[in-house]
Amino acid sequence: MQFAHFDIDQFLRNHWQKRPLLIRNPWNDWQNPLEPDELAGLACEEGIESRLIVRDGDALKMESGPLPEARFGELGKEAWTLLVQAVDHTVPDVAALIEPFRFVPDWRIDDVMVSYATNGGGVGPHYDQYDVFLVQGLGRRRWRVGPVCNAQTPLLPHEDLRLLPDFEATDEWVLEPGDILYVPPGFAHDGVAVGDDCMTYSVGFRAPSRAELVEGWADHQVDRMAEDDRYADPDLAAQPHPGEITAASLDRLHAMVLESLSNRADFARWFGTFNSQPKYAEADWRPEDLATPETVQDSLAQGIPLLCNPASRFAFIRQATGGITLFADGQSFDCTGETADLAMQICANATLEADPALAASSSAVELLVTLINQGSLAFDDGEED
């Protein structure tokens, strides 16, 4: 699934993280990739993050999944919305929606959330801390976009939802199937279904906060520090006031902290593993039958395609000495030569037809065995899951 007409360079220059943009149906032939009943079925499954938001008069009430199947039959005439997170992890046709947006680097991609709403359904005026492309899949939805919000913006008191009490729209559009609304971080927005059978696909992106980076990197470094690595002042001289922390002492203390956090190569490896952690770390995608070098060599020699797990996260960083470091689901792998080429192909393709000659490369085979056994890759056995 690709765009038929969309100026990526102009979008990045004029709109990305700057201002919202309505993109009228840019597809060759838009096809809604998921039926409402299938979405409802996912919301009933264990291990799937879902929410049901029902309007009760002027208020919104939220229920967290998994939902009992009978719940949907109990819903009355009040407007309601079903939201299911990370549908791309389990539905290939929804995962395919990410491909045309890969002009944004993969390490920024979060997931595809899918919502279904009856007439008047929505989650209320709110703002998010991430970029999102709201793709109208089925039915119609009226979107209103307002001003930029921040941590000081007042919110309505609500146990589950972060709703804006004073929302004044600056723009308003009704989206038809195939239309896309891009909303940058912080912009207030409110989407309401116009008619029943309204489905919206939210292709969301992530950006680590400064606090997350500092905390994660510092914690990582602390775990590696020796107990005897302590402040020292062998050049100590008598000072006029015993209660003063001198500038020289502060300089030395400050340098201790900065020096421990300043190694860029170490930071790069830490960030690659940190950022490639799966969205749901508790999910176990490991195969029942573990791969061996022999089974991998045999599959490579037969030309069997490799499939990337849509729930996995891949990225790589080029090394100054040549080669790359591959990151896959929180693990790192140093790769050179043909194995580095293979790793980059894995990062670029959901389905990969690897060179059968790689069966003779022990390093490439070793990498594939590890990635398959941790659930990041699989050889295509031709069977639907």
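The values are calculated or read from the model by the stated rules, or taken from the named source; none is laboratory data. Keep in mind the model is a prediction, meaning the values are calculated, not measured. Using ideal geometry, Cβ is built from the backbone for each residue, glycine included, and neighbour counts are taken over all protein chains shown.
When region 95-105 is limited to residues that are over 14 Å from the mean Cα position of the chain (by Cα) and of a type in the set (A, V, I, L, M, F, W, C), the one that is nearest to Ser64 (Cα to Cα) turns out to be Ala96. Taking Asp329 and the conditions (1) touching a strand residue (DSSP E or B) at 6+ places or on another chain (Cβ under 7 Å); (2) under 17 Å from Asn275 (Cβ atoms); (3) surrounded by 17 or more Cβ atoms within 10 Å (Cβ to Cβ), which numbered condition does it fall short on, given that it satisfies the others? Checking Asp329 against (1) touching a strand residue (DSSP E or B) at 6+ places or on another chain (Cβ under 7 Å); (2) under 17 Å from Asn275 (Cβ atoms); (3) surrounded by 17 or more Cβ atoms within 10 Å (Cβ to Cβ), the one that fails is (1). Filtering region 55-92 down to residues that are touching a helix residue (DSSP H, G or I) at 6+ places or on another chain (Cβ under 8 Å) and part of a helix (DSSP H, G or I), which residue is modelled with the lowest pLDDT? Checked region 55-92; the qualifying residue modelled with the lowest pLDDT is Phe72.
Entry remark, region 223-252: residues being exposed (fewer than 10 other Cβ atoms within 10 Å of the Cβ) and among the β-branched types (Val, Ile, Thr) number 1 in total.
Listed by first and then second residue, the pairs with beta-carbon distance under 7 Å, at least 6 apart or on different chains, first residue in region 25-37 and assigned by TED's automatic domain parsing to the domain that holds Tyr116 and within 19 Å of Leu134 (Cβ to Cβ), second part of a loop (DSSP other than H, G, I, E, B) and aromatic (Phe, Trp, Tyr), are Pro26/Phe6. Here the condition is being touching a residue at least 60 places away in the same chain (Cβ under 8 Å), out of contact with any Phe, Trp or Tyr (no Cβ under 6 Å at 6 or more places or on another chain) and surrounded by fewer than 18 Cβ atoms within 10 Å (Cβ to Cβ); of Asp380, Asp341, it holds for Asp380 alone.
Can you say whether Gly178 is in a strand (DSSP E or B) and modelled with pLDDT of 95 or more, as far as the supplied structure shows? The answer is no for Gly178.
With respect to (1) closer than 20 Å to Cys198 by Cα; (2) assigned to a loop (DSSP other than H, G, I, E, B); (3) not β-branched (Val, Ile, Thr), the lone exception for Phe6 is condition (1).
Scanning region 42-66 for residues that are among the β-branched types (Val, Ile, Thr) and closer than 24 Å to Val94 by Cα, we see that the one that is surrounded by the most Cβ atoms within 10 Å (Cβ to Cβ) is Ile53. Among the conditions (1) free of Cβ contacts under 8 Å to residues at least 12 places away in the same chain; (2) touching a Phe, Trp or Tyr at 6+ places or on another chain (Cβ under 9 Å); (3) not β-branched (Val, Ile, Thr), the only one that Asn14 does not satisfy is (2).
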